[in-house]
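Notes follow once the structure below has been shown.
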Amino acid sequence: HRGPNNTQQLHHNNIWLGHNRLSILDLSSNGSQPMLDSTGRYALVLNGEIYNYIELREKYLKQQQLISGSDTEVLLYLLITKGEAILPDLLGMFSFVWVDYHTQNILAVRDRFGVKPLYYCGGQDLTIASEIKTLHALGQAKSANEKVWAGYLANAHYGDTHETFWEQIQQLPGGHLLRYRVGEKSIDVKQWYDFVAAGQQYLDLNHLSASEWLKKYELLMDEAVALRFRSDVPVGVNLSGGLDSSLLFKIITHTSDIPSHLHAFTFYTNDERYDEIKWVETLLQNSNLQLNKVLLTPEMVPALSKALSWHQDEPFGGFPTLAYANCFAAARRAGIPVILDGQGIDEAWAGYDYYFAEKQSLVQGAGKSSATKANTLAMDLRMLASPLQFSRPFDNALQNLQYRDIRYTKIPRALRFNDRISMMHSVELREPFLDHRLVEMAFYAPLSHKYQQGTNKFLLRQKLGQSTNQALAFAPKRALQTPQREWLRTVLSAWASEQIETMLQSKAGPWFNADEVLSEWKAYLAGQSDNSFYIWQWINTALIFA
């Protein structure tokens, strides 16, 4: 599912490489992987895209004869000529493994924010994969990491940046690399991208007026979006009714070298309390974008939940993730294997309400009650749960909270959910506002750019309001939601009850106090809770351990 267009394997000197290709650039066989250099000494497997490969080719490889028009071949020869020193030059989302057969050295690298996944197991051998299920298929026992599960069930935390929900399987954190030498069997993990240090270059721009600063930011935005339209296949866009989608739409429709006839996708549930169709339709008035409205109904939820659980390998977001997955299915049916969305604006611009409130929520839309129910957990498991630990490198609470969301919680979590639901339909998701330059510049901007007069993302809203719809630009932040709470309490209550019973009878059953779980479920059905996050946790657990 991650690459339906070509499959190749390479075995040489005790190193096996395999690659499933989703063809985006240079659709010919010259772009297939694993890719060897002309001497046969070096090999590369790349997941994702190096968006600025054309500029890098012109800058560093003018004398190198290349046989393809792919970013993979450019990266291969950049690594041969520059080694790890080339990493800061790369604009893109990527995880890759580079092999030097002469020295038996292996280098694995993940992009700055971890847009593309990379999992590994050490021990007698090193195994690396894009999904956890691959490592299980290669023989790694499927044993639960109870510490991570405890943190999730008790505190709504999905594990640290190097952890997974499974014992012995780790993920390479975003902005890190892994070195391994065959024979020595030692794994060396090192950070190659330091967000805190990298962004400080933008402090020099803070002496500019707000309008001058915004002009520079807009130029970067335009470039980031244009780079992500580089493709030899059709490109589409996912839209909601929020500021991020409005900005993305504005750039797309005002940039001359971006096609004006594009497919746009948005989901809805036929519940006007949550649906954003009217906002999206307002946004697209008088444009050439063709809107594809993608419906989620309660009847779809059981089968879709089961399918997504298999693809995710770990607990994932609730009904909004299901609804969003349907957008990628619709894109694939329309023959569009590349989609852009607006992820990343809120974290960089302090767009969530809790940034300026007296709470530090890990769960959106959880209401006033606790998102989790630690009282339902067996004491042995509850004792394993610990509060989220993250560094606070800044001298103010706002930036430390933004940093938490970018490096530890919201961004890593959303990227994992979205990578799996896009790739389950063989669709590549690109997120231009997660261009590291944009994130750094906004993060280090003066507070007045982010927040004024009780309005967050102030400078962006002000600018957008001058060029598009004022109501859209200054609409309050709306969490992307569905009627999950209502459906689980009514039309899907029988299904949810079955899942809860399945959970209690599964291998995860001893983690719970069954009487407490059933009591909380009964109270939920009676309307005594304003959030359904913990119900979805139980369903998630049932789906994984069934």
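Listed values [x] 11; [y] 35; [z] 17 include one computed from this model; for percent of Cα pairs over 46 Å apart that value carries the label [x].
The H on the amide N of residue 512, modeled in the peptide plane, is under 5 Å from the matching H of 378, each at least 5 residues off or on a different chain.
Stretching the chain fully between residue 189 and residue 374 yields a gain of 63.2 nm (0.36 nm per residue, less the alpha carbon separation).
In this structure the amide hydrogen of residue 292, modeled in the peptide plane, comes within under 5 Å of the amide hydrogens of 264, 265, 266, none closer than 5 places in sequence on its chain. Computed over the range 372-434, the percent of Cα pairs more than 20 Å apart is 54. Take each peptide in 309-315, 7-13, 286-292, count the other Cβ atoms within 10 Å of every residue, and average; sorted highest first, the result is 309-315, 286-292, 7-13. Could you pull out every whole DSSP H run in the chain that spans at least 20 Å of Cα extent along its own axis and averages -0.5 or higher on the Kyte-Doolittle scale? Span-like helices in the chain: 210-227, 319-333.
Counting only heavy atoms of the protein chains and using a 1.4 Å probe, residue 142 has close to 130 Å² of accessible surface.
Residues whose amide H lies under 5 Å from that of residue 452, counting only those 5 or more places away or on a different chain, are 458; hydrogens are built 1.01 Å from N in the peptide plane. Here the dipole of the chain is about 140 debye; that uses its Cα centre as origin and unit charges on the Cβ of Lys and Arg (positive) and Asp and Glu (negative). Summary value for the chain: 16 percent relative contact order, contacts being C-alpha pairs under 8 angstrom separated by 6+ residues. When the listed pairs 215/250; 116/410; 306/522; 306/507 are checked against a 19 Å cut-off, the alpha-carbon distance exceeds it for 306/522. With both residues required to sit in the chain, DSSP beta bridges show an antiparallel share near 75%.
The values are calculated or read from the model by the stated rules, or taken from the named source; none is laboratory data. From a predicted model like this one, the values you see are computed outputs, not experimental measurements. Quick reminder, even Gly has a Cβ in these numbers, built from the backbone with ideal geometry, and neighbours come from all protein chains shown. What goes into the accessible areas is simple: the full protein's heavy atoms, side chains included, and nothing from ligands, DNA or RNA. Shrake-Rupley method; radii C 1.70, N 1.55, O 1.52, S 1.80 Å.
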